[in-house]
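The values are calculated or read from the model by the stated rules, or taken from the named source; none is laboratory data. What you see is a predicted model; the values in this text were computed from it and never measured. Cβ placement follows ideal geometry from the backbone for every residue including glycine, while neighbour counts extend to all protein chains displayed. Protein only, heavy atoms only, side chains kept; ligands, DNA and RNA dropped before computing areas. Shrake-Rupley method; radii C 1.70, N 1.55, O 1.52, S 1.80 Å.
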Amino acid sequence: MRLGRGAVWLLFISLFGLVRYCLGSSCEAEGMAEVTMRAVVLESFGGPEVLAVGEAPRPVPEDGEVLVRVEYSAINRADTLQRKGGYKPPPGASEILGLEFSGVVVESRDDGSLVGKRVCALVTGGGYAEYITVPKDLLMFWPDDIPMDVAAGFPEA
(Lines give C-alpha, C1' and ligand atoms only; values in the text may rest on other atoms or scores of the structure.)
Protein backbone atom coordinates (compact mmCIF):
# COMPACT_ATOMS: atom_id res chain seq x y z
CA MET A 1 0.00 0.00 0.00
CA ARG A 2 1.45 3.37 -1.01
CA LEU A 3 0.60 6.53 0.85
CA GLY A 4 -0.02 10.02 -0.48
CA ARG A 5 1.51 13.07 1.21
CA GLY A 6 -1.57 13.85 3.33
CA ALA A 7 -1.97 10.24 4.39
CA VAL A 8 1.66 10.09 5.50
CA TRP A 9 1.18 12.94 7.97
CA LEU A 10 -2.04 11.41 9.25
CA LEU A 11 -0.25 8.10 9.56
CA PHE A 12 2.37 9.53 11.90
CA ILE A 13 -0.31 11.05 14.07
CA SER A 14 -2.23 7.82 14.57
CA LEU A 15 -0.23 4.92 13.11
CA PHE A 16 -0.02 2.96 16.26
CA GLY A 17 -3.74 2.54 16.71
CA LEU A 18 -3.50 -0.04 13.92
CA VAL A 19 -4.49 -3.59 14.73
CA ARG A 20 -1.61 -5.79 15.87
CA TYR A 21 -1.62 -9.33 14.60
CA CYS A 22 0.46 -12.48 14.44
CA LEU A 23 1.12 -15.11 11.81
CA GLY A 24 -1.60 -17.71 11.70
CA SER A 25 -5.20 -17.20 12.70
CA SER A 26 -4.97 -19.08 15.98
CA CYS A 27 -1.98 -17.28 17.56
CA GLU A 28 -4.00 -15.46 20.21
CA ALA A 29 -6.15 -18.50 20.98
CA GLU A 30 -3.02 -20.56 21.62
CA GLY A 31 -1.39 -17.81 23.71
CA MET A 32 1.49 -17.38 21.28
CA ALA A 33 3.34 -14.08 21.16
CA GLU A 34 2.92 -11.88 18.13
CA VAL A 35 5.78 -12.46 15.72
CA THR A 36 5.14 -9.65 13.28
CA MET A 37 4.06 -6.05 13.55
CA ARG A 38 3.14 -3.20 11.29
CA ALA A 39 5.78 -0.63 10.50
CA VAL A 40 6.37 2.22 8.12
CA VAL A 41 8.72 0.78 5.52
CA LEU A 42 10.95 2.61 3.12
CA GLU A 43 10.53 1.18 -0.38
CA SER A 44 13.06 3.52 -1.99
CA PHE A 45 14.60 6.91 -1.31
CA GLY A 46 12.60 10.05 -1.97
CA GLY A 47 9.73 12.13 -0.66
CA PRO A 48 6.97 11.04 1.73
CA GLU A 49 5.31 9.07 -1.06
CA VAL A 50 8.02 6.36 -0.79
CA LEU A 51 6.76 5.39 2.67
CA ALA A 52 4.30 2.54 3.06
CA VAL A 53 2.79 0.51 5.86
CA GLY A 54 4.27 -2.97 5.79
CA GLU A 55 5.09 -5.93 7.96
CA ALA A 56 8.26 -6.38 9.99
CA PRO A 57 9.45 -8.86 12.60
CA ARG A 58 8.45 -7.85 16.11
CA PRO A 59 11.66 -7.21 18.09
CA VAL A 60 12.54 -9.25 21.16
CA PRO A 61 14.22 -7.48 24.09
CA GLU A 62 17.65 -8.61 25.21
CA ASP A 63 19.13 -8.26 28.69
CA GLY A 64 18.97 -4.63 29.80
CA GLU A 65 16.27 -3.78 27.25
CA VAL A 66 12.52 -3.29 27.31
CA LEU A 67 9.90 -3.81 24.63
CA VAL A 68 7.77 -0.71 24.12
CA ARG A 69 4.40 -0.50 22.34
CA VAL A 70 4.83 2.71 20.37
CA GLU A 71 1.93 5.15 20.63
CA TYR A 72 3.41 8.20 18.85
CA SER A 73 6.49 8.92 16.80
CA ALA A 74 8.02 12.31 16.05
CA ILE A 75 9.46 13.40 12.73
CA ASN A 76 12.78 15.20 12.79
CA ARG A 77 15.35 16.32 10.24
CA ALA A 78 17.40 13.11 10.47
CA ASP A 79 14.28 11.07 9.65
CA THR A 80 13.65 13.10 6.50
CA LEU A 81 17.32 12.87 5.49
CA GLN A 82 17.26 9.08 5.93
CA ARG A 83 14.10 8.87 3.87
CA LYS A 84 15.83 10.84 1.09
CA GLY A 85 18.98 8.68 1.26
CA GLY A 86 21.17 11.47 2.66
CA TYR A 87 21.82 10.14 6.17
CA LYS A 88 23.09 6.64 6.82
CA PRO A 89 21.99 5.07 10.13
CA PRO A 90 24.76 3.77 12.39
CA PRO A 91 25.82 0.11 12.15
CA GLY A 92 23.38 -2.21 13.90
CA ALA A 93 20.50 0.28 13.79
CA SER A 94 17.01 -0.82 12.82
CA GLU A 95 16.14 -0.59 9.13
CA ILE A 96 12.86 0.99 10.23
CA LEU A 97 12.91 4.77 10.35
CA GLY A 98 11.98 6.77 13.44
CA LEU A 99 14.40 8.27 15.94
CA GLU A 100 11.95 9.61 18.54
CA PHE A 101 8.83 8.01 19.99
CA SER A 102 6.61 7.67 23.03
CA GLY A 103 4.82 4.57 24.25
CA VAL A 104 4.22 2.08 27.03
CA VAL A 105 6.63 -0.62 28.23
CA VAL A 106 5.01 -4.04 27.64
CA GLU A 107 7.91 -6.38 28.42
CA SER A 108 11.20 -6.28 30.28
CA ARG A 109 14.01 -8.83 30.39
CA ASP A 110 14.77 -7.81 33.97
CA ASP A 111 12.47 -7.59 36.98
CA GLY A 112 9.46 -6.21 35.10
CA SER A 113 9.21 -3.07 37.25
CA LEU A 114 8.97 -0.88 34.13
CA VAL A 115 6.04 -2.74 32.55
CA GLY A 116 3.14 -0.32 32.16
CA LYS A 117 5.32 2.81 32.41
CA ARG A 118 4.91 5.60 29.87
CA VAL A 119 8.26 6.30 28.21
CA CYS A 120 9.92 8.17 25.39
CA ALA A 121 13.42 7.92 23.92
CA LEU A 122 15.84 9.00 21.24
CA VAL A 123 17.01 5.87 19.41
CA THR A 124 19.01 4.95 16.32
CA GLY A 125 15.90 3.77 14.46
CA GLY A 126 12.73 1.71 14.75
CA GLY A 127 10.31 4.35 16.07
CA TYR A 128 7.94 4.13 13.09
CA ALA A 129 6.71 0.69 14.14
CA GLU A 130 4.20 -0.76 16.55
CA TYR A 131 6.95 -2.09 18.85
CA ILE A 132 10.56 -1.18 19.57
CA THR A 133 13.24 -2.53 21.87
CA VAL A 134 15.14 0.08 23.85
CA PRO A 135 18.03 -0.09 26.32
CA LYS A 136 16.64 0.82 29.75
CA ASP A 137 19.20 3.60 30.23
CA LEU A 138 17.83 5.49 27.20
CA LEU A 139 14.27 5.70 28.56
CA MET A 140 12.82 9.06 29.58
CA PHE A 141 9.78 9.49 31.84
CA TRP A 142 7.48 12.53 32.09
CA PRO A 143 4.65 13.84 34.31
CA ASP A 144 1.18 12.31 33.85
CA ASP A 145 -0.35 15.67 32.91
CA ILE A 146 1.66 15.82 29.66
CA PRO A 147 0.00 13.96 26.76
CA MET A 148 1.85 11.11 25.09
CA ASP A 149 1.77 12.83 21.68
CA VAL A 150 3.70 15.77 23.13
CA ALA A 151 6.20 13.44 24.85
CA ALA A 152 7.19 11.90 21.51
CA GLY A 153 8.99 15.13 20.67
CA PHE A 154 10.77 15.49 24.03
CA PRO A 155 14.00 13.61 23.24
CA GLU A 156 15.29 16.15 20.72
CA ALA A 157 13.61 19.20 22.26
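So which residues in region 138-155 are over 22 Å from residue 113 (Cβ atoms) and among the hydrophobic types (A, V, I, L, M, F, W, C)? If the condition is that a residue be over 22 Å from residue 113 (Cβ atoms) and among the hydrophobic types (A, V, I, L, M, F, W, C), then 150, 152 are the ones that fit.
The residues of region 35-58 that are free of Cβ contacts under 8 Å to residues at least 60 places away in the same chain and assigned to a loop (DSSP other than H, G, I, E, B), listed by number, are 35, 43, 44, 45, 46, 47. Taken over region 120-157, the criterion of being surrounded by fewer than 22 Cβ atoms within 10 Å (Cβ to Cβ) and either β-branched (Val, Ile, Thr) or on the phi > 0 side of the Ramachandran plot (or both) is satisfied by 123, 124, 125, 133, 146, 150.
Scanning region 11-33 for any residue that is modelled with pLDDT of 50 or more and within 23 Å of residue 135 (Cα to Cα) turns up at least one such residue.
Based on this model, can you work out whether residue 62 counts as assigned to a helix (DSSP H, G or I), open to solvent by 50 Å² or more (accessible area, probe 1.4 Å) and either of a type outside the set (Val, Ile, Thr) or farther than 11 Å from residue 126 by Cα (or both)? No, not satisfied. Among the residues of region 90-115, those that are at pLDDT 95 or above and open to solvent by 50 Å² or more (accessible area, probe 1.4 Å) comprise 106, 107, 115. So, in region 70-106, of the ones that are part of a loop (DSSP other than H, G, I, E, B) and touching an Asp or Glu at 6+ places or on another chain (Cβ under 9 Å), which residue ends up farthest from residue 140 (Cα to Cα)? By that ranking, first place goes to 87. Checked against the criterion of being within 17 Å of the chain's Cα centre (by Cα) and part of a helix (DSSP H, G or I), region 136-144 has at least one qualifying residue. Residues in region 118-133 that are under 10 Å from the mean Cα position of the chain (by Cα) and in a strand (DSSP E or B): 129, 131, 132, 133.
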